[in-house]
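Engineer: What follows is a single structure, and I will ask about it in a moment.
The values are calculated or read from the model by the stated rules, or taken from the named source; none is laboratory data. Because the structure is a prediction, the values reported are computed rather than measured. Neighbour counts are summed over all protein chains in view; Cβ atoms, including those assigned to glycine, are modelled from backbone coordinates with ideal geometry. Each accessible area value is taken on the protein alone, full model and side chains, heavy atoms only, with ligands, DNA and RNA left out. Shrake-Rupley method; radii C 1.70, N 1.55, O 1.52, S 1.80 Å.
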Amino acid sequence: MTVTPLALTRPASVTDAFLRRLVARVPGSSGATWKLTEVYTGDVLVELPQSTPADIEQAFTTARAAQEKWAATPLKQRLEIFKRAHTLFVDNAPAVTDLIQVESGKNRRMAIEETCDPAMVMSHYLTRAAKLLAPTKRGGPVPFLTTSTEVRQPKGVVGIIAPWNFPFATGISDAVPALMAGNAVVLKPDNKTALSPLYGVELLEKAGLPKGLFQVVCGEGPDVGPTLIDQANYVMFTGSTATGRVIGERAGRNLIGCCLELGGKNPMIVLEDADLTETVQGAIFGAFGNTGQICMHIERIYLPESRYDEFKNAYVAKTKALDVRAAYDFGPDMGSLVSVDHMSRVKSHVDDAVAKGATVLCGGKPRPDLGPAFFEPTILEGVTKDMLCGVTETFGPVVALHKYRTVDEAVAFANDTEYGLNASIWGGNVDAARAVAARIESGNVNINDILATAYAAKGTPSGGVKNSGVGARHGDQGLLKYTDVKNVAVLKKQVMGPRGGQTYEKYVEGMLSGLKLMRRLRIR
Ligand code: NAD
């Protein structure tokens, strides 16, 4: 690992006045604030207001009033705003990147990629929303005499609870289809990373989104969560599996829908015929991209015995050469973890593995010389299921190598987890890789890629199975989940029941032969 001394100047766009303007929209009637810090230095950037339950209720009241007008605004007009927003988001990507970097500590390459996500989601739903939201006429129970129309209506006010690892993407991208569908949004970002989503809301309003429609409230999850869920008509949550259960329970009690995008312990399977160079490069991003803080990143790599040493040697060499440091330019391959607390958690997973017999092939240590929350990219061998990192998500730059003898064994190892978010299969024969993919219990499987191909395919739903979540973002359901369906049915002429002196027996006979006829005619 290259070590470069810390010489850091905060990005010029991140001025005190700009930060104060951003946080001014967060209600905080008690006067309590949270010190939002620059991750690379630990310096306080701004005092973030903390919203009380009364503030949150008021945010919902304001949002609800704005939503009534918004839902009555023609869809074409609503979508025009997102066309303008798309341009603004792309044009302001460098400033968003600065905010994402100061608040999360990730390297600039990942931060600029994150800025692209809301624009991609807007592009997708700009072409799809009109079709999805148009009333759809379906056949009624009696051909020609009945119709049934599926009418989509906004839920009302959607509560979004977002994590710190992709604050701009999860805070804004998940709001876009909700807003397009005619809802208002109340967002609760993580305290650590509230700046970039606040700027996203500012850009949306600059594009013409009515004031009041998109509210942001801030606070610690257990303080804000209950009021937010109790006021919302639907909850979109992204975060850990443990918090997801809490959110799901409360939404269930309130009989409102929720989408839960949770954690993973994602496997990568390398098949015998995989290209070594590409697979190693993939595994570098898979384990260390975003400093290992991507829900779909890789924490377990399964290699055929015959290729284990070859892969291991190339992977360790490439990892040791990574440029890890704090910088607000595109140089570093990897940046910091999000906080000192999180770094201690990642360290505890590595220490636990080592104490129980795992071997550190490279990395394994915090790097306070690079910044308060830096941790080395770490490759482990000999990880077993009695170790913390053998079963639970580490969510840091830590990956374990494993050998397998047969493909059946690799599939069994990959599926031996309570999670099911993402998997990555690498092989020269794509049909063979597809056959393996079919056997993996996961909401996403990428062949010859780690995660980007699946996640960037905005037309296809992306979610988790098992303990990795309920529901999905993207695809048609990524927008339709924010709507209620109303079934408007019309009977043109009353025909049910015996008519004009007909006996009930005759009526039943006619009804049953009608059923057979309809099936033959394939009329539903
Ligand atoms: P977390 O569950 O601790 O927090 C997520 C959000 O929930 C934060 O805003 C937090 O303040 C809030 N929160 C915490 N407790 C709450 C409560 N009781 N009620 C309401 N809100 C509460 O998760 P995290 O550590 O911030 O994020 C990392 C996790 O997110 C990882 O497990 C990662 O895999 C997961 N993640 C999943 C996806 C996905 O799409 N599946 C995407 C990104 C992150």
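Engineer: Using the structure shown, list the pairs from K76/K137; K83/K492; K211/K265; K69/K493; K137/K516 with a Cα-Cα distance above 31 Å, or answer none. The partial results should precede the final answer.
Structural biologist: Working: K76/K137 21 Å; K83/K492 42 Å; K211/K265 40 Å; K69/K493 37 Å; K137/K516 24 Å.
The answer is K83/K492; K211/K265; K69/K493.
Engineer: About the Cα centre, and with charges only on the beta carbon of Lys, Arg (+1) and Asp, Glu (-1), how big is the dipole of the chain? Nearest 20 debye, please. Intermediate results must be reported in sequence, preceding the final value.
Structural biologist: Working: 58 positive and 54 negative charges, 581 e Å.
Taking the Cα centre of the chain as origin, the dipole is about 2800 debye.
Engineer: Which of the listed residues, G156, V411, Q293, is farthest toward the dipole's positive end in the chain, when Lys, Arg count +1 and Asp, Glu count -1 at the beta-carbon?
Structural biologist: Of G156, V411, Q293, it is G156.
Engineer: Can you tell me the alpha carbon radius of gyration of region 266-460 divided by the globular rule-of-thumb value 2.2 N^0.38 Å? Show your work: numbers first, answer last.
Structural biologist: Working: Rg = 15.9 Å, N = 195, 2.2 N^0.38 = 16.3 Å.
Relative to the rule-of-thumb radius for its length, region 266-460 sits at 0.97.
Engineer: Heavy atoms only, probe 1.4 Å: what % of the accessible area of the chain goes to carbon and sulfur, would you let me know? Could the numbers behind the result be given before it?
Structural biologist: Working: 12170 of 21830 Å².
Looking at the chain in its full context, I get 56 percent from C and S.
Engineer: Please compute the net charge surrounding V488, taking Lys and Arg as +1 and Asp and Glu as -1 over other residues with Cβ under 12 Å from its Cβ. Please report the intermediate quantities before stating the final value.
Structural biologist: Working: positive: K137, R138, R152, K486; negative: E150.
Local net charge: +3.
Engineer: Next up: Remind me, relative contact order of region 99-191 in percent, using alpha carbon pairs under 8 angstrom and six or more residues apart? Provide the component values of the computation, followed by the final result.
Structural biologist: On the way: 111 pairs, mean separation 27.1, N = 93.
After rounding, I find 29 percent.
Engineer: Separate question: How large is ³J(HN,Hα) for each residue in region 365-377, as worked out from phi by the Karplus curve 6.51 cos²θ - 1.76 cosθ + 1.60 (θ = phi - 60°), to whole Hz, x for Gly and Pro?
Structural biologist: 9, x, 10, x, 5, 8, x, x, 10, 7, 9, 5, x
Engineer: Where only protein heavy atoms count, and the probe is 1.4 Å, what is the accessible area per residue for the chain in Å²? Walk me through the intermediate numbers first.
Structural biologist: On the way: 21830 Å² over 524 residues.
Heavy-atom SASA per residue in the chain reads 42 Å².
Engineer: Read phi for every residue in region 449-455 and hand back ³J(HN,Hα) as whole Hz from Karplus 6.51 cos²θ - 1.76 cosθ + 1.60, θ = phi - 60°, with x for Gly and Pro.
Structural biologist: Karplus values, whole Hz, x for Gly and Pro: 8, 8, 8, 5, 4, 6, 5.
Engineer: Further, regarding this structure: Based on the Cβ-Cβ distance from T149 to K516, what FRET efficiency comes out when R0 is 30 Å, to the nearest 0.05?
Structural biologist: Numbers: r = 27 Å, r/R0 = 0.90.
That pair, T149 with K516, gives E of 0.65.
Engineer: Would you be so kind as to identify which of G331, Y507, V14 lies farthest towards the positive end of the dipole of the chain, taking Lys and Arg as +1 and Asp and Glu as -1 on Cβ and the Cα centre as origin?
Structural biologist: Toward the positive end, the furthest listed residue is Y507.
Engineer: Tell me the angle of helix 221-231 to the major Cα principal axis of the chain, expressed in degrees between 0 and 90 and rounded to the nearest ten.
Structural biologist: Helix 221-231 and the main axis of the chain meet at about 10 degrees.
Engineer: Taking the chain as the reference, fit the longest principal axis to its C-alpha atoms, fit the long axis of helix 241-253 to the helix C-alpha atoms, and give the angle between the two in degrees, 0 to 90, nearest 10.
Structural biologist: The angle comes out at about 20 degrees.
Engineer: Using Cα atoms only, what is the angle between the long axis of helix 195-206 and the major principal axis of the chain, expressed in degrees (0 to 90) to the nearest 10?
Structural biologist: 40
Engineer: What ³J(HN,Hα) values, in whole Hz, does the Karplus curve 6.51 cos²θ - 1.76 cosθ + 1.60 give for region 458-470 when θ = phi - 60°, with x put for Gly and Pro?
Structural biologist: Working through the residues one at a time gives 5, x, 10, x, 10, x, x, 10, 6, 7, 8, x, 9 Hz.
Engineer: With +1 on each Lys and Arg Cβ and -1 on each Asp and Glu Cβ, and nothing else charged, work out how big the dipole of region 435-488 is about its Cα centre, in Debye to the nearest 20.
Structural biologist: Numbers: 6 positive and 4 negative charges, 19 e Å.
The dipole magnitude comes to about 100 debye.
Engineer: Got a sec? Charge dipole of the chain, +1 on Cβ for Lys and Arg, -1 for Asp and Glu; which of V399, G139, A314 is way out at the positive end?
Structural biologist: So the residue furthest toward the plus end is G139.
Engineer: Kindly state, to the nearest 0.05, the FRET efficiency for T41 paired with V391, given R0 = 30 Å and r defined as their beta-carbon distance.
Structural biologist: Values: r = 35 Å, r/R0 = 1.16.
The value I calculate is 0.30.
Engineer: Could you work out the helix-only [θ] at 222 nm for the chain, with each DSSP H run of four or more residues adding -39,500 (n - 2.57) and the total divided by the number of residues, to the nearest 500 deg cm²/dmol? Each step should come with its number before you reach the end.
Structural biologist: Details: 18 runs with 213 residues, N = 524.
It lands at -12500 deg cm²/dmol.
Engineer: Can you list the residues of region 158-187 with backbone N under 19 Å from a point 7 Å past the Cα of L88, pointing along Cα to Cβ?
Structural biologist: Flagged as within label range: 168-187.
Engineer: OK, next. Starting from the Cα gyration tensor of region 168-291, take the square roots of the eigenvalues, sort them a ≥ b ≥ c, and report rounded, prolate or oblate (rounded when a/c is under 1.5, otherwise prolate if a/b is larger than b/c, else oblate).
Structural biologist: On the way: a/c = 2.43, a/b = 1.65, b/c = 1.48.
Here region 168-291 falls in the prolate category.
Engineer: By per-residue mean of other Cβ atoms within 10 Å, what is the highest-first order of 137-145, 448-456? Present the calculation step by step, with values, prior to reporting the outcome.
Structural biologist: On the way: 137-145: 13.2, 448-456: 19.0.
Descending mean neighbour count gives 448-456, 137-145.
Engineer: Using +1 on the beta carbon of Lys and Arg, -1 on that of Asp and Glu, and nothing else charged, what's the dipole of region 290-355 about the Cα centre, debye to 20? Mind dumping the intermediate values first?
Structural biologist: Details: 8 positive and 10 negative charges, 5 e Å.
Here region 290-355 has a charge dipole of around 20 debye.
Engineer: Continuing with this model, one more query. Restricting attention to region 320-415, which chymotrypsin sites (Phe, Trp or Tyr not before Pro) occupy a DSSP loop and are surrounded by at most 13 other Cβ atoms within 10 Å? The partial results should precede the final answer.
Structural biologist: Details: sites: Y328, F330, F374, F375, F395, Y404, F413; in loops: Y328, F330, F374, F395.
When the chymotrypsin sites (Phe, Trp or Tyr not before Pro) of region 320-415 are filtered for loop state and at most 13 Cβ neighbours within 10 Å, F330 remain.
Engineer: If you don't mind, another one. I want to check a number: in region 266-460, how many lysine pairs have alpha carbons closer than 16 Å, given a sequence separation of 8 or more or different chains? Don't skip to the end; give the middle numbers.
Structural biologist: Numbers: K312/K320; K312/K403; K320/K365; K347/K356; K347/K365; K356/K385; K385/K403.
Count of close lysine pairs: 7.
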